[in-house]
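Asks: Below is a structure I'd like to ask you about.
The values are calculated or read from the model by the stated rules, or taken from the named source; none is laboratory data. Here the structure is a predicted model, which is why all the values come from computation and not from measurement. Reconstructed Cβ throughout: ideal geometry from the backbone, glycine too, with neighbour counts over all protein chains shown. Side chains included, ligands, DNA and RNA excluded: accessible areas come from the protein's heavy atoms. Shrake-Rupley method; radii C 1.70, N 1.55, O 1.52, S 1.80 Å.
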Amino acid sequence: MAHGKVRVRFAPSPTGFLHVGGARTALYNWLFARHHGGTFILRIEDTDVERSTEESVQAILEGLAWLGLDWDEGPIRQAKRMALYRAAAERLVGEGRAYWCLCTPEELEVRRKQAQAEGRSPKYDGRCRDRGHRKDGRPAALRVKTDAEGQTVVEDLIHGPVTFLNADLDDFVLLRSDGIPTYNFAVVVDDAEMGITHVVRGDDHIPNTPRQFQVYRHLGLPLPRFAHIPLILGADRARLSKRHGATSVMAYREMGYLPEAVVNYLARLGWSYGDQEVFSLEELIRHFSLEKVGNAAAVFDQGKLDWLNAHYLRVADPARLADLLAEHWVQAEVPAAAVEATDRAWRSAVVVAFCERAKTLRELAESSRFLFDVPVPIDPEAAAKHHTPEAMALFRELLPRLEALPNFTAAALEACYRGFADEKGIKLAVVAQATRVALTGRTVSPPLFEIMVLVGRARALVRLRAIFPARDRLSPPVRPL
Ligand code: GLU
């Protein structure tokens, strides 16, 4: 499909952080705009003064920025556009398409309850429709005269035609008695004024769409196209919520996910392109289409996100991850001063050594935090297995050779260990595992000689000597770093 001037918008209500579902809606709009060389607009729907907060606006901007979803226009705030909604409202009143309603909330509530008790639809009964009320200082809401007959068909790009009976609509409110426009009114005035060509949003808004059609029709405005994206569900097929785990995009940053992994994951959550799972941003832009967004709800799959994140950790520039790793060490309670004392080259080397086994930056930070520990907590089972009297006796012989090495490099260390094992007719693993447990506290780690270099000569020797009882140490302790 060729689109001349695609204009789409992401229109969050700032009543909380950027949710995973909202982020995906933003992403689909952004990809659609970028694919068509169109315009992506950010509109903040902040007319609900009680629920909207500046903090949420900032959280949403921060979430979008972290994902790299840049907008071409905005953020446009609805709260600053009241004059526009009021002008549209006045026009509708002037043309007899909308009317002032003096029914109080209490009266409406009584009637709603009564209708329900009598098995009737609880919709507004239209009693102020033909009363010709004027705005005279009494609290009045503005209602639209909806069509009582016929049907509204929403030609949805994802769901196909969705039909609604107009008889089910009531004369809904456009302006509340405090003058604030309702969502269904402001959204139409704005989408039209901003020249939105495609409304791409969550399918929880499908029931609102026939109401919005009424506003388009009464204002004589052309309809945009609509594409309603199915919801995201948790593994239990209930709507994704906090009890399924993190739902805030920034929580994923905290947990050590990379934005490119989250973007790739969210893009494929509901949109398909054959069997391909890993997409660069360029590929997503090139291939994305609304037609390939499925119409069934998508189930959030943490395992797949982890898999993608592990992939991106391995392909990302280690120097970039080095700085992120520093933040995660601090989160993992490595003293900030110790983290600050590291340099980027060293941190990059840590990334290279450890990223093979990590699914997140948090895991990377946790698996490498022993590098900072003084002393290293040693797993007793690992010690029982690898610090046997025989292994210790051999290790005691090896230690002075390590201390005497002129260059503490992986190659020199390896040659030293291999030479020693050959000479003694033992397996390299005997001394290597004894060393690994002393240095890392565990039996599993990235390649030993790389770890020795990362720990550094002085610190490594302290750790290696520390496995012998103090009275028994062979050489004077070296000064810890
Ligand atoms: N403010 C609405 C929301 O956050 C926007 C809906 C729409 O995109 O029309 O759900």
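Asks: Work through the residues other than R112 whose Cβ is under 12 Å from its Cβ and net out their charges, Lys, Arg +1 and Asp, Glu -1.
Replies: That works out to -2.
Asks: Round to the nearest 10 and report in Å² the accessible area of K304, as given by a 1.4 Å probe over the protein chains' heavy atoms.
Replies: In the full protein context, K304 sits at about 50 Å².
Asks: Taking all protein chains in place and a 1.4 Å probe, what share, in percent, of the accessible surface of the chain do carbon and sulfur account for?
Replies: 54
Asks: Could I ask something else about it? Cα centroid distance between region 320-380 and region 394-439, in Å?
Replies: 25
Asks: Kindly write out, for region 252-262 in residue order, the coupling ³J(HN,Hα) from the Karplus curve 6.51 cos²θ - 1.76 cosθ + 1.60 (θ = phi - 60°), rounded to whole Hz, with x marking Gly and Pro.
Replies: 5, 4, 4, 7, x, 8, 8, x, 5, 6, 5
Asks: Another one. For helix 318-331, what angle does its Cα long axis make with the longest principal axis of the chain, in degrees from 0 to 90 and rounded to 10?
Replies: Once rounded, one gets 90 degrees.
Asks: Mind listing the phi-derived Karplus ³J(HN,Hα) values for region 219-224, rounded to whole Hz, using 6.51, -1.76 and 1.60 with θ = phi - 60°, and x for any glycine or proline?
Replies: 7, x, 9, x, 7, x
Asks: Give me the distance in nm between label points sitting 7 Å out from Cα along the Cα-to-Cβ direction at R344 and W307, one decimal.
Replies: So the two model labels end up 3.4 nm from each other.
Asks: What is the extension gain from D147 to E193, computed as 0.36 nm multiplied by their sequence separation minus the C-alpha to C-alpha distance, in nm to one decimal?
Replies: Full extension from D147 to E193 adds 14.2 nm.
Asks: Taking the mean number of other Cβ atoms within 10 Å as a proxy for protection, how do you rank 351-358, 371-378, 204-211, 183-190 from highest to lowest?
Replies: 183-190, 351-358, 204-211, 371-378
Asks: At a threshold of 8 angstrom on Cα-Cα distance, excluding pairs fewer than six apart, so keeping six or more, what relative contact order does the chain reach in percent?
Replies: Normalised by residue count, the contact order of the chain is 11 percent.
Asks: Tell me the accessible surface of D70 in square angstrom (1.4 angstrom probe, heavy atoms of protein chains only), to the nearest ten.
Replies: About 80 Å², ignoring ligands and nucleic acids.
Asks: Quick one: angle between helix 302-315 and the longest Cα principal axis of the chain, in degrees between 0 and 90, rounded to 10, please.
Replies: Roughly 60 degrees between the two axes.
Asks: Run the quick spin-label model on E397 and E90: label points 7 Å from Cα toward the beta carbon, then report their separation in nm to one decimal.
Replies: It works out to 9.9 nm between the two label points.
Asks: Same structure again: Just to be sure I follow: if Rg is taken over the C-alpha atoms of region 1-151 and Rh is the Kirkwood radius over the same atoms, what is Rg/Rh? Provide the component values of the computation, followed by the final result.
Replies: Values: Rg = 20.3 Å, Rh = 18.8 Å.
Ratio of gyration radius to Kirkwood radius: 1.08.
Asks: For the chain, what is the accessible area per residue in Å² when the probe is 1.4 Å? Write down the numbers at each step before the final one.
Replies: Details: 22830 Å² over 481 residues.
With the other protein chains kept in place, the chain gives 47 Å² per residue.
Asks: Once you list every other residue whose beta carbon is under 14 Å from the beta carbon of P377, what net charge do they have if Lys and Arg are +1 and Asp and Glu are -1?
Replies: -2
Asks: If I take R0 = 35 Å and measure r between the Cβ atoms of L405 and E254 in this structure, what FRET efficiency does the formula 1/(1 + (r/R0)^6) give, to the nearest 0.05? Walk me through the numbers before you get to the answer.
Replies: On the way: r = 41 Å, r/R0 = 1.18.
The value I calculate is 0.25.
Asks: Over all directions, how big on average is the projection of the convex hull of the alpha-carbon atoms in region 140-240, in square nanometres?
Replies: Averaged projected hull area, Cα only: 7.6 nm².
Asks: Just the number, please: Stokes-Einstein D of the chain in µm²/s, Kirkwood Rh from C-alpha pairs, 20 °C, 1.002 mPa s.
Replies: 79
Asks: Then there is this: Give me the angle, in degrees from 0 to 90, between the Cα long axis of helix 54-67 and the longest principal axis of the Cα atoms of the chain, rounded to the nearest 10.
Replies: Once rounded, the angle reads 60 degrees.
Asks: Which whole-number percentage describes the relative contact order of region 37-121, with Cα contacts under 8 Å and a sequence gap of 6 or more?
Replies: Contact order relative to length: 33 percent.
Asks: Sticking with this one: Sequence neighbours fewer than 8 away in the same chain don't count; with that in mind, list the lysines whose C-alpha is under 25 Å from K424.
Replies: Those lysines meeting the cut-off are K385.
Asks: Estimate the FRET efficiency between R217 and S241 by the formula 1/(1 + (r/R0)^6), using the beta-carbon distance for r and 35 Å for R0, to the nearest 0.05.
Replies: Calculated transfer efficiency: 0.45.
Asks: Check which residues have an amide H placed less than 5 Å from R225's amide H, if you skip close sequence neighbours.
Replies: Long-range HN contacts for R225: H198, V199.
Asks: Kindly state, to the nearest 0.05, the FRET efficiency for L165 paired with L102, given R0 = 22 Å and r defined as their beta-carbon distance.
Replies: Working: r = 28 Å, r/R0 = 1.28.
E between L165 and L102, to the nearest 0.05, is 0.20.
Asks: A follow-up question, please. Excluding ligands and nucleic acids, what accessible area in Å² is computed for E277 using a 1.4 Å probe, to the nearest 10?
Replies: About 50 Å², rounded to the nearest 10.
Asks: Starting at the first residue of region 13-26, write each ³J(HN,Hα) from the Karplus equation 6.51 cos²θ - 1.76 cosθ + 1.60 with θ = phi - 60°, in whole Hz, x for Gly and Pro.
Replies: For region 13-26, the Karplus-derived couplings read 8, x, 10, x, 6, 7, 7, 4, x, x, 4, 5, 4, 4 Hz, x marking Gly and Pro.
Asks: Given only helices, namely DSSP H runs of n ≥ 4 each adding -39500 (n - 2.57), what is the per-residue ellipticity at 222 nm of the chain, to the nearest 500 deg cm²/dmol? Could the numbers behind the result be given before it?
Replies: Working: 20 runs with 221 residues, N = 481.
Roughly -14000 deg cm²/dmol at 222 nm, from the helical runs in the chain.
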